[in-house]
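Throughout, read-outs are computed from the coordinates displayed, never taken from laboratory work. Just so it is clear, the model here is predicted, and its values are computed rather than measured. Backbone-built Cβ (ideal geometry, glycine too); neighbour counts: all protein chains shown.
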Amino acid sequence: MSSTNIDQNTSSTGRSLFRSAELFRRGQRVITGGNARLAVFQRPHPIYFAKGTGVHLVDVDGNTYLDFLNNFTALIHGHGYRPVLDRLRDQLELGVSFSGPTELEVEFAELLCGRVPYFDQVRFMNSGTEAVMYTIKAARALTGRPKIAKLEGAFHGGYDPIEVSLDSVPTNWGPRSAPNAIRYCVGTPESPTSDTVVLPFNELGASRKILEEHKDTLAAVIIDVLPQRAGLAPIAPSYLAFLREFTARHGIVLISDEVMSFRLSYHGAITRFGFEADLCAFAKIIGGGLPIGAVGGPSRFMLAFDPRNGKPRVPQSGTFSANPVSMASGIAAMQSLSKQSFQRFDDLGEYARSSLTEMFCQERLPYSVTGMGSMFRIHLRPEAPKDYREAYAAPEQQKKMGILIRALQQRGVIVSPTCQLCLSTPMSTKHIDEMVMSVREAAQMLEAA
């Protein structure tokens with residue numbers, strides 16, 4: 001196909017985006033920036049969607065897309081999944097929220113504790129950010145220590161201590177063996193950077209030295225075994241084994257952020273590597289498409305939230321926490337995910353990664369792919385990155401990636417702004433083959449420009 005102009009409202013593939021452009025013009029008058037989610041903002045305007053069915057999305061202009069983003073990995077069953085819709089319809093007739101708990105809250109907690117071996121109890125929140133925030137508060141309350149250690153470049157939501165070094169750049173990130181703690185938002189006070197220790201991902205020797213220096217003041221080490229912003233490269237088993245042993249030996253809480261990566265296995269992400277965390281923050285797929293967040297773990301760590309003997313060490317509540325609509329949707333979604341479902345994801349994910357790699361080789365494209373299970377990410381570099389610094393895209397590379405992503409959209413494929421993709425249960429090798437063909441065409445256009 002011919003080259004793409006990302007500044008036009010009608011693409012070279014014949015897809016009109018006039019209604020999306022008009023909605024963005026309207027949105028800019030009443031919503032700061034034109035739409036309410038930074039993650040979906042793009043120039044000259046985002047695509048506004050009207051409906052979704054199975055693996056497909058339809059925008060307000062009537063264009064159809066293969067959805068390989070699934071609301072940033074949350075829709076593990078794709079769009080319009082009938083068991084979720086039926087359960088939601090029944091619950092909406094009964095009520096959407098109450099000033100008290102429901103049986104659904106207990107039922108869902110039983111389901112989750114039954115799946116994850118080290119979960120004795122869970123608590124429900126409304127987002128992944130909220131879940132991560134409460135794991136950090138619990139770690140500080142349980143240990144009496146102030147500091148948190150995190151992996152360089154890893155995203156853990158919108159909370160000051162774990163936004164540190166989220167998007168550091170070559171001019172400020174410091175030596176690889178001892179990364180600088182860099183503030184993310186303008187106006188963030190100095191305290192989050194002084195209380196956050198940054199670890200080089202998968203660098204065992206350097207991380208050991210840093211942790212030894214701070215071990216007496218560390219409340220927690222928070223990890224993501226497959227950090228998306230750090231390249232979607234998996235954690236090295238030896239590195240994870242070191243972190244688990246070190247934290248246990250020094251009374252430091254090991255937090256597994258599985259907001260996105262909980263979809264890696266039937267039992268959660270860290271258990272796939274043969275380890276257990278002290279606290280786990282998870283979200284996205286457990287909501288069946290609705291807002292949700294949760295914290296789970298052994299009773300001795302979850303007791304930080306327990307109000308039965310007076311004010312808990314960490315008071316946790318929320319107007320819509322454990323609301324029956326999210327509980328009903330989550331139960332239906334998770335009940336439909338068997339061990340065989342995750343094995344199928346592993347097989348399809350490997351098929352997708354190998355198909356892309358083979359195509360890049362055949363077409364002599366200097367691209368690579370990373371990922372695990374049902375998630376994968378395309379990089380505009382010949383060797384797959386192993387950490388945040390290798391995955392870092394300079395401004396010119398970011399511009400090039402933006403052109404590739406818009407070219408994919410114009411060929412009917414939705415991916416993330418970093419070119420991450422994920423699978424849903426209705427997908428098959430047919431949909432993956434279609435995606436690979438679109439990536440081939442978009443990449444050839446990009447390289448020829």
Once amide hydrogens are built 1.01 Å from N within the peptide plane, the residues lying 5 or more places from Ala230 or on another chain with amide H under 5 Å from its amide H are Phe155
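Treating only the Cβ atoms of Lys and Arg (+1) and Asp and Glu (-1) as charged, compute the dipole magnitude of segment 82-335 about its Cα centre; round to the nearest 20 debye.
Dipole of segment 82-335, to the nearest 20 debye: 320 debye.
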Checking Lys311, Lys209, Lys284 against a Gaussian network model of the chain (alpha-carbon springs below 10 Å), the top fluctuating residue turns out to be Lys311
Over the chain, calculate the relative contact order: mean separation of alpha carbon pairs under 8 Å at least 6 apart, over the residue count, as a percent.
21 percent
Just from its helices, what would the mean residue ellipticity at 222 nm be for the chain, if runs of 4 or more DSSP H residues each count -39500 (n - 2.57) and the sum is divided by every residue, rounded to the nearest 500 deg cm²/dmol?
-11500 deg cm²/dmol
Using a Cα distance threshold of under 15 Å, what count of lysine pairs results for segment 82-335 when pairs must be 8 or more residues apart or interchain?
6
For the charge dipole of the chain, defined by +1 on Lys and Arg C-beta atoms and -1 on Asp and Glu C-beta atoms about the Cα centroid, which residue among Pro179, Gln343, Pro382 has the Cα displaced farthest towards the positive pole?
Pro179
With Kirkwood's inverse mean 1/r over C-alpha pairs for Rh, give me the Rg to Rh ratio of segment 1-159, two decimals please.
1.05
I'd like to know how the chain sits against the 2.2 N^0.38 Å rule of thumb: what's its Cα Rg over that expected value?
0.98
Burial-style ranking of 289-302, 38-51, average other-beta-carbon count within 10 Å with highest first, yields 289-302, 38-51
Net charge within 11 Å of Arg145 by Cβ-Cβ distance, Lys/Arg positive one each and Asp/Glu negative one each, not counting Arg145 itself?
+1
Mean-square fluctuation maximum in Gaussian network of the chain, Cα pairs under 10 Å, restricted to Asp387, Asp224, Asp306, hits Asp306
Determine ³J(HN,Hα), in whole Hz, for all residues of segment 145-154 in sequence, where each value follows from phi through the Karplus function 6.51 cos²θ - 1.76 cosθ + 1.60 and θ = phi - 60°; x replaces Gly and Pro.
10, x, 8, 10, 10, 9, 8, 4, x, 6
Partner aspartates and glutamates whose C-alpha sits under 20 Å from that of Lys399, ignoring same-chain residues fewer than 8 away, are Asp7, Asp167, Glu383, Glu390, Glu441, Glu447
Any idea what the dipole of the chain comes to, in debye rounded to 20, about its Cα centre with Lys/Arg Cβ at +1 and Asp/Glu Cβ at -1?
480 debye
Highest GNM mean-square fluctuation among Ile31, Ile286, Ile331, for the chain with Cα springs under 10 Å, belongs to Ile31
Ranked highest first by average number of other Cβ atoms within 10 Å, how do 414-423, 179-188 line up?
414-423, 179-188
For segment 266-283, take each phi angle, set θ = phi - 60°, evaluate the Karplus expression 6.51 cos²θ - 1.76 cosθ + 1.60, and give the result in whole Hz per residue in order, putting x for glycine and proline.
4, 9, x, 7, 5, 5, 4, 8, x, 10, 10, 8, 7, 9, 10, 9, 9, 6
